[in-house]
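Below is one structure, written out as C-alpha cells; comments come after it.
The values are calculated or read from the model by the stated rules, or taken from the named source; none is laboratory data. All of these numbers come straight from a predicted model, not from anything done at the bench. Neighbour counts are summed over all protein chains in view; Cβ atoms, including those assigned to glycine, are modelled from backbone coordinates with ideal geometry.
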Ligand SMILES: Nc1nc2c(ncn2[C@@H]2O[C@H](COP(=O)(O)OP(=O)(O)OP(=O)(O)O)[C@@H](O)[C@H]2O)c(=O)[nH]1
Ligand SMILES: [Mg+2]
Ligand SMILES: [Zn+2]
C-alpha cells in the first residue's frame, strides 16, 4: 500500500508547523558533522535532492540516511509523524504533585490494558525519546526484587530530559523532550477497517514543577509552551500539598506526606499562571476561557480516598464488549466518571474553594478524576530523606482513566457507557 503523507506537520519539540516537503534528513556520513543549530558534533541536517532506490535520502557523500529532522529546530522526528496526525497532551502541576509517577503508571497500565481491553495497540513512536519513561516503568513495575523499595527521581530543571538548540545565532533555548506514543486500532477493534485514519501520535512532556511557577516562563526556556498547543490539559492537584486537607487527613493515612514530609504550594496560583501563559501565547483576552478541555487529575487518592465516602474509586471504570463477529470495543463508564467528578468537586469546594473557583474561572468544561499512581502509602527512608514504596505494593488506581476518557473524545477508538446506551461520544 502506498503511504499517504500529511501535508502539514507540527514539530513536537519546537511546536512549529511545516510542510512535509520541507522536512530535513540527518546526514549519515561521519565526515558530515557540525550542524548550524545543534552542536559541532551533531550530524548536519539537509533537505535532500537525491534518494536511494529504497527511498532513503542520500547525503552529500552518498551515504543513505535514516533519520528525519525538523526544518526549524533540527531535532529528530519519528517518521510516523509524516503519516499520522499528532496530538499534544500537557501535564502540569506544582513540584511534587505526582506528575512523573502518574505518567509512569499511566503509560505502563496503558501498555497492559489497551490491546486486550480496547483493541488498541500502543507503541513508542520513538523509542529513543521515550527512554526515560521506559526506565521509570521498569523501576516501578519490573523490579529484579519485588521487595525492593523504589523511588523515581525528581524531574530536573535542565539536563538530559531537555534539548538545547540555537535557532537564532547566539541565543540558546531549552526545549523539553517529548514522549511519543502511536495509538492504532488492532485487527480485532470494531473499527479496524478505518485503522489508518484513526491512528494518532500522542505527545506528552514531563516538566519539572518549577517550570510552572510564576516567573519561570522565558524566551530562552519555553519549556511549558506545549500548553498552548495542547488538545487537553491534565492539571495535577495534590491534596496533600494543602494544609486544610492535611488536617482533615490526620489519622486517615499513614503516608508521610501528611506528616513529616510536607510540601506547600498555592496550586490555585499555579493553575492561574498556567492559564495566563496559554492566553498570552495564543493571543487570547485575559477573561477568555481555555479552548481545550481541562482535566483536574486529583493525585495520591490512596491518601485521601476515605474523604470520598460511598464511591468506589479503585475498581477501574471500563469494560470490554465482545461482538458476535469476534471484534471488540472497550467502553469507559463516563456516567460513573462524571458522577465521581461532581463528588470530588464538592469535596474541593468544601476544603479548597479558591482552587475550584480558579478552575471555573479558566475553564467551562473541567472534569475531576481521582488517581493513585502507587495505590498505597509511601514510606520515608530516614537515611536518604526520600519517599519510597515497595515495588510489590504498587497497584495504581484509575491511572489510565484520564487518558481513556480523552481517547473517547478522539473519534471511534474508545466507546462510552451512558445510561441511554453505548455510544462513541
Ligand atoms: N501516596 C502517594 N504518593 C505519591 C503518589 N504519586 C507520587 N507520590 C509521591 O509524591 C512525590 C512526588 O511525586 P513526583 O511524581 O516525583 O512529582 P512531580 O510532580 O513529578 O514533581 P517534580 O518532578 O518535582 O515536578 C514522590 O515522593 C512520590 O513518592 C501516589 O499516587 N500516592
Ligand atoms: Mg517529576
Ligand atoms: Zn522543531
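Answer yes if at least one residue in the stretch 272-288 is over 30 Å from residue 215 (Cβ atoms) and either without any contact (Cβ under 8 Å) to a residue 24 or more places away in the chain or under 23 Å from the mean Cα position of the chain (by Cα) (or both), and no otherwise.
Within the stretch 272-288, the subset over 30 Å from residue 215 (Cβ atoms) is none.
Within the stretch 272-288, none of the residues are over 30 Å from residue 215 (Cβ atoms) and either without any contact (Cβ under 8 Å) to a residue 24 or more places away in the chain or under 23 Å from the mean Cα position of the chain (by Cα) (or both).
Conditions tested, residue by residue: (1) assigned to a helix (DSSP H, G or I); (2) outside the structural domain of residue 248 (by TED's automatic domain parsing); (3) surrounded by 20 or more Cβ atoms within 10 Å (Cβ to Cβ).
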site: 335; (1), (2), (3): yes, no, no
site: 354; (1), (2), (3): yes, no, no
site: 357; (1), (2), (3): yes, no, no
site: 375; (1), (2), (3): no, no, no
site: 392; (1), (2), (3): yes, no, no
site: 403; (1), (2), (3): yes, no, yes
*Test each condition in (1) in contact with a strand residue (DSSP E or B) (Cβ under 6 Å, 6 or more places away or on another chain); (2) within 14 Å of ligand 1 (Cβ to nearest atom) for residue 341 and report the one that comes out false.*
(2)
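Does residue 265 satisfy the criteria of being within 16 Å of ligand 2 (Cβ to nearest atom) and part of a loop (DSSP other than H, G, I, E, B)? Give the derivation first.
Working: within 16 Å of ligand 2 (Cβ to nearest atom): yes; part of a loop (DSSP other than H, G, I, E, B): yes.
Yes, satisfied.
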*Out of 40, 53, report the one residue that is free of Cβ contacts under 8 Å to residues at least 40 places away in the same chain, more than 24 Å from residue 169 (Cβ to Cβ) and assigned to a loop (DSSP other than H, G, I, E, B).*
53
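Scan 223, 174 and give me the residue that is part of a loop (DSSP other than H, G, I, E, B) and either touching a residue at least 24 places away in the same chain (Cβ under 8 Å) or within 16 Å of ligand 1 (Cβ to nearest atom) (or both).
One residue alone meets the criteria, 223.
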*If you go through the stretch 201-235 one residue at a time, how many are buried (at least 21 other Cβ atoms within 10 Å of the Cβ) and over 25 Å from residue 289 (Cα atoms)?*
2
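Does the stretch 237-254 contain any residue that is surrounded by 15 or more Cβ atoms within 10 Å (Cβ to Cβ), part of a helix (DSSP H, G or I) and under 21 Å from the mean Cα position of the chain (by Cα)?
Step one: filter the stretch 237-254 for residues surrounded by 15 or more Cβ atoms within 10 Å (Cβ to Cβ), giving 237-242, 245-246, 248-249, 253.
Restricting the remaining residues to those that are part of a helix (DSSP H, G or I) gives 239-241, 245-246, 248-249.
Then drop every residue that is not under 21 Å from the mean Cα position of the chain (by Cα), which leaves 239.
Yes, that holds for at least one residue.
Is it true that some residue in the stretch 142-150 is within 30 Å of residue 278 (Cβ to Cβ) and away from ligand 3 (no atom under 16 Å from the Cβ)? Walk me through how you get there before you give the answer.
Kept after step one, since they are within 30 Å of residue 278 (Cβ to Cβ), are these residues of the stretch 142-150: none.
For the stretch 142-150, residues within 30 Å of residue 278 (Cβ to Cβ) and away from ligand 3 (no atom under 16 Å from the Cβ): absent.
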*Name the one entry in 160, 155, 94 that is in a loop (DSSP other than H, G, I, E, B), more than 28 Å from residue 5 (Cβ to Cβ), more than 17 Å from the chain's Cα centre (by Cα) and not assigned by TED's automatic domain parsing to the domain that holds residue 39.*
160
*Starting from the stretch 90-105, keep only residues that are touching a residue at least 12 places away in the same chain (Cβ under 8 Å), then list their pairs with residues that are within 6 Å of ligand 1 (Cβ to nearest atom) and not in a loop (DSSP other than H, G, I, E, B) whose Cβ atoms are within a distance under 7 Å, requiring at least 6 positions of separation or different chains.*
91/99; 93/99; 93/209; 94/209; 95/209; 96/209; 97/209; 99/209
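Looking only at the stretch 257-269, which residues are over 26 Å from the mean Cα position of the chain (by Cα) and crowded, with 16+ Cβ neighbours inside 10 Å? Give the derivation first.
Here is the first cut: in the stretch 257-269, the ones over 26 Å from the mean Cα position of the chain (by Cα) are 258-261.
258, the sole residue that qualifies.
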